[in-house]
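The values are calculated or read from the model by the stated rules, or taken from the named source; none is laboratory data. Nothing here was measured: the structure is a model prediction, and the numbers come from that model. Ideal geometry is used to build each Cβ from the backbone, glycine not excepted, and the neighbour counts take in all protein chains shown. Note: accessible area is taken over every heavy atom of the protein model, side chains too, but ligands, DNA and RNA are not part of it. Shrake-Rupley method; radii C 1.70, N 1.55, O 1.52, S 1.80 Å.
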Amino acid sequence: MYRIILFLTVCILSCGQPKVAVKDYHANQDTLIDNEAALFAEKKAALNQLFLEHRDSSAFSAQDMWTSLLIGHLFSPHEKDAVLRYNDNDSVANVIVLRQSGESWDTIFSTKVCPVETGSFDEKIAISDFNGDDIPDLKIIRRFWDIHYGENADLWLYINDRFTKVEGFDKIVSATYDKGTHLIYSYQSAGCADMAMYFGVFSIQGNQVKTVRELSCDCCTRDDSCYINVFGQAPYAVPYESAYKHVPAFYAGAVKEKLRITSGQ
């Protein structure tokens with residue numbers, strides 16, 4: 001009988017313990033959520049104050065891991081605009097474009113970006129021409145990674161005083177526009193000390209991204225060959241020192257130099 005009573009006592013005590021732990025866990029989670037909300041509210045308030053302090057500046061730029069503020073003739077030489085970016089939480093960002101009208105500022109564009117995974121990356125807003133019309137467009141970084149450095153972003157073209165989203169742009173890795181060819185180029189290291197490489201070439205037609213060419217170049221085998229895989233075609237081998245001739249010309253010089261260094265020539 002003593003053993004039965006002892007066993008039941010242990011069971012009762014052990015069964016009751018998790019309830020306290022679960023309660024404490026939820027309390028801790030609620031505290032973390034409250035602290036996070038307070039932090040993002042504080043950063044937004046600081047951004048608003050920064051805007052008030054610099055709204056009369058002819059040009060101003062400040063970006064960090066929390067917020068972005070750009071002021072100036074950003075999209076038109078005849079209009080003064082401000083772009084503000086702030087987060088609601090770790091996964092949702094807000095971007096607002098204001099335009100000065102006399103003494104007031106009017107919202108001409110706003111969007112939410114979700115999910116965002118930008119970590120400590122600072123330059124979350126970029127304003128430059130991406131379609132060859134010599135009018136700056138709005139690029140919003142939505143994902144950034146440090147290992148084999150790269151990014152994904154949304155692109156909004158500024159056309160006829162309106163912002164139009166480019167469908168499919170967020171699938172391009174580290175998109176770079178080349179004014180000479182009017183094409184967008186993409187590069188991503190696939191590892192192997194940056195000797196496994198992905199390349200992409202794209203164009204913007206209307207508000208759509210069109211794929212021109214995608215390929216990989218694998219120089220990891222060190223058998224004096226690199227293996228080129230143009231997507232949709234059969235892979236083929238080329239001499240190590242001439243692999244740069246098979247990648248997009250936009251990257252050929254950098255690849256040639258990299259191969260020269262690694263080969264010890």
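At a glance:
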item	result
Long-range neighbours under 8 Å by Cβ, at least six apart or interchain, first residue closer than 12 Å to Phe169 by Cβ and aliphatic (A, V, I, L, M) within the stretch 198-217, second open to solvent by 40 Å² or more (accessible area, probe 1.4 Å) and assigned to a strand (DSSP E or B)	Ile204/Lys210; Val209/Glu167
Qualifying residues in the stretch 48-71 (those that are farther than 11 Å from Ala82 by Cβ and hydroxyl-bearing (Ser, Thr, Tyr)) - the one surrounded by the most Cβ atoms within 10 Å (Cβ to Cβ)	Thr67
Selected residue (only one of Phe109, Phe75 is modelled with pLDDT of 95 or more, more than 19 Å from the chain's Cα centre (by Cα), part of a loop (DSSP other than H, G, I, E, B) and closer than 23 Å to Asp154 by Cα)	Phe75
Top-ranked residue in the stretch 213-248 [being farther than 18 Å from Gln188 by Cβ and in a helix (DSSP H, G or I); ranked as modelled with the highest pLDDT]	Lys245
Residue within the stretch 156-170 that is aromatic (Phe, Trp, Tyr), in contact with a helix residue (DSSP H, G or I) (Cβ under 6 Å, 6 or more places away or on another chain) and modelled with pLDDT of 95 or more present	no
Within the stretch 138-172, tally of residues that are hydrophobic (A, V, I, L, M, F, W, C), part of a loop (DSSP other than H, G, I, E, B) and surrounded by fewer than 20 Cβ atoms within 10 Å (Cβ to Cβ)	1
Within the stretch 80-111, considering residues that are under 16 Å from Phe40 (Cα atoms) and of a type in the set (Asp, Glu), the one surrounded by the most Cβ atoms within 10 Å (Cβ to Cβ)	Asp88
Asn35 being loosely packed, with under 11 Cβ neighbours inside 10 Å, part of a helix (DSSP H, G or I) and modelled with pLDDT of 60 or more	yes
